[in-house]
């Protein structure tokens with residue numbers, strides 16, 4: 001049964017959840033053509049009209065050693081193998097945080113060594129597991145903060161698209177909600193002031209910029225202030241991690257999308273008393289870690305999602 005058919009037979013609350021979720025996705029390949037973002041299945045043929053592609057991975061949690069997944073480096077490398085097998089290499093990779101589990105230097109270095117084998121530029125956003133205090137923030141910036149401000153946020157342009165990496169994990173609020181803070185918001189306003197409304201914008205950070213489950217900290221307290229600054233742009237894509245499952249929303253010109261972890265799943269909102277590593281039956285881990293083919297059509301079209309797991 002397809003996700004659409006399942007959603008139609010479900011009750012209203014379950015239908016809303018099914019319509020916005022896809023249970024796959026350790027990595028996505030995003031393409032830009034004519035200012036419109038789209039993503040395709042890792043390993044599929046590259047679209048002829050694609051302006052360029054990049055890959056998103058998230059929540060590698062190197063150093064995690066619980067029975068849910070005692071070897072997250074192995075599943076990270078499976079995702080990297082998918083990227084390496086692409087018929088044409090992506091222009092670059094973005095990692096949307098929780099590179100490590102405890103921000104230990106050796107965990108940072110293992111992640112760097114593994115990802116470096118792809119020989120692609122990588123742009124990082126920190127997760128709350130990567131910056132625990134001043135010492136780990138320094139270690140993170142030394143390894144992953146190239147071009148970033150002291151607050152671990154920055155922007156860059158690539159073939160007409162403006163990319164913005166934000167940090168919403170160093171001043172967590174009640175229940176672990178993310179926060180951007182005044183200085184970062186002021187920087188964002190300044191960063192955007194010379195961009196025309198037609199400039200395609202991609203924002204990436206760890207904790208979602210749309211409120212999914214505030215009781216679990218799955219949202220950013222001052223995201224509205226950032227989204228107000230971004231509202232004038234005709235093409236806005238916001239990519240996040242943190243929740244270890246694929247969810248998406250389209251609101252006006254903005255497409256919000258969260259990626260799955262390369263390490264372990266988490267429960268869907270409302271299905272468990274709290275977030276955290278979700279243990280699945282033995283042998284089924286790769287059936288809940290996977291890749292996602294997502295197509296974004298210009299205008300108000302809904303994202304079309306096709307699921308493919310690592311097990312497949």
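The values are calculated or read from the model by the stated rules, or taken from the named source; none is laboratory data. Every value quoted in this text rests on a predicted model; they were computed, and no experiment measured them. Quick reminder, even Gly has a Cβ in these numbers, built from the backbone with ideal geometry, and neighbours come from all protein chains shown.
Name the pairs whose Cβ atoms lie under 7 Å apart, with the first residue in segment 164-175 and without any contact (Cβ under 8 Å) to a residue 40 or more places away in the chain, the second in a loop (DSSP other than H, G, I, E, B), and 6 or more positions between them or separate chains?
Close Cβ pairs satisfying both conditions: 171/179; 171/181.
So which residues in segment 260-306 are more than 20 Å from residue 65 (Cα to Cα), at pLDDT 90 or above and crowded, with 16+ Cβ neighbours inside 10 Å?
Of everything in segment 260-306, those that are more than 20 Å from residue 65 (Cα to Cα), at pLDDT 90 or above and crowded, with 16+ Cβ neighbours inside 10 Å turn out to be 268, 269.
Which number in (1) exposed (fewer than 15 other Cβ atoms within 10 Å of the Cβ); (2) modelled with pLDDT of 95 or more; (3) in a loop (DSSP other than H, G, I, E, B) marks the one condition that residue 147 misses?
Among (1) exposed (fewer than 15 other Cβ atoms within 10 Å of the Cβ); (2) modelled with pLDDT of 95 or more; (3) in a loop (DSSP other than H, G, I, E, B), the lone unmet condition for residue 147 is (2).
Among the residues of segment 118-127, are any touching a helix residue (DSSP H, G or I) at 6+ places or on another chain (Cβ under 8 Å), under 16 Å from residue 169 (Cα atoms) and in contact (Cβ under 8 Å) with a residue 60 or more places away in the chain?
Scanning segment 118-127, I find at least one residue that is touching a helix residue (DSSP H, G or I) at 6+ places or on another chain (Cβ under 8 Å), under 16 Å from residue 169 (Cα atoms) and in contact (Cβ under 8 Å) with a residue 60 or more places away in the chain, so the answer is yes.
Suppose the filter is modelled with pLDDT of 90 or more, surrounded by fewer than 23 Cβ atoms within 10 Å (Cβ to Cβ), part of a loop (DSSP other than H, G, I, E, B) and out of contact with any helix residue (DSSP H, G or I) (no Cβ under 8 Å at 6 or more places or on another chain); does residue 87 pass it?
Working: modelled with pLDDT of 90 or more: no; surrounded by fewer than 23 Cβ atoms within 10 Å (Cβ to Cβ): yes; part of a loop (DSSP other than H, G, I, E, B): yes; out of contact with any helix residue (DSSP H, G or I) (no Cβ under 8 Å at 6 or more places or on another chain): yes.
Taking the combined requirement at face value, the residue does not satisfy it.
Looking at segment 175-191, can you tell me whether even one residue there is in contact with a helix residue (DSSP H, G or I) (Cβ under 8 Å, 6 or more places away or on another chain), closer than 15 Å to residue 227 by Cα and part of a loop (DSSP other than H, G, I, E, B)?
Of all residues in segment 175-191, those in contact with a helix residue (DSSP H, G or I) (Cβ under 8 Å, 6 or more places away or on another chain) come to 175-178, 180, 185, 188-189.
Next, from what is left, pick out any that are closer than 15 Å to residue 227 by Cα: 178, 180, 185, 188-189.
Then drop every residue that is not part of a loop (DSSP other than H, G, I, E, B), which leaves 180.
Yes, segment 175-191 contains a residue that is in contact with a helix residue (DSSP H, G or I) (Cβ under 8 Å, 6 or more places away or on another chain), closer than 15 Å to residue 227 by Cα and part of a loop (DSSP other than H, G, I, E, B).
Being touching a strand residue (DSSP E or B) at 6+ places or on another chain (Cβ under 6 Å) and surrounded by 14 or more Cβ atoms within 10 Å (Cβ to Cβ) is the filter; apply it to segment 157-168 and report the residue that is nearest to residue 214 (Cα to Cα).
The initial filter retains those residues of segment 157-168 that are touching a strand residue (DSSP E or B) at 6+ places or on another chain (Cβ under 6 Å), namely 159, 161-165, 168.
If we keep only those that are surrounded by 14 or more Cβ atoms within 10 Å (Cβ to Cβ) too, we end up with 161-165, 168.
On the way: 161: 31, 162: 29, 163: 26, 164: 24, 165: 22, 168: 14 Å.
Here the answer is 168.
Could you identify the single residue in 66, 3, 48 that is farther than 27 Å from residue 249 by Cβ, more than 19 Å from the chain's Cα centre (by Cα) and at pLDDT below 90?
48
In contact (Cβ under 8 Å) with a residue 24 or more places away in the chain and within 27 Å of residue 216 (Cβ to Cβ): does that describe residue 152?
Values: in contact (Cβ under 8 Å) with a residue 24 or more places away in the chain: yes; within 27 Å of residue 216 (Cβ to Cβ): yes.
So residue 152 passes the test.
Does residue 211 qualify as being free of Cβ contacts under 8 Å to residues at least 12 places away in the same chain and either surrounded by fewer than 17 Cβ atoms within 10 Å (Cβ to Cβ) or farther than 22 Å from residue 93 by Cα (or both)?
On the way: free of Cβ contacts under 8 Å to residues at least 12 places away in the same chain: no; either surrounded by fewer than 17 Cβ atoms within 10 Å (Cβ to Cβ) or farther than 22 Å from residue 93 by Cα (or both): yes.
Here the answer is no, as residue 211 does not meet what is asked.
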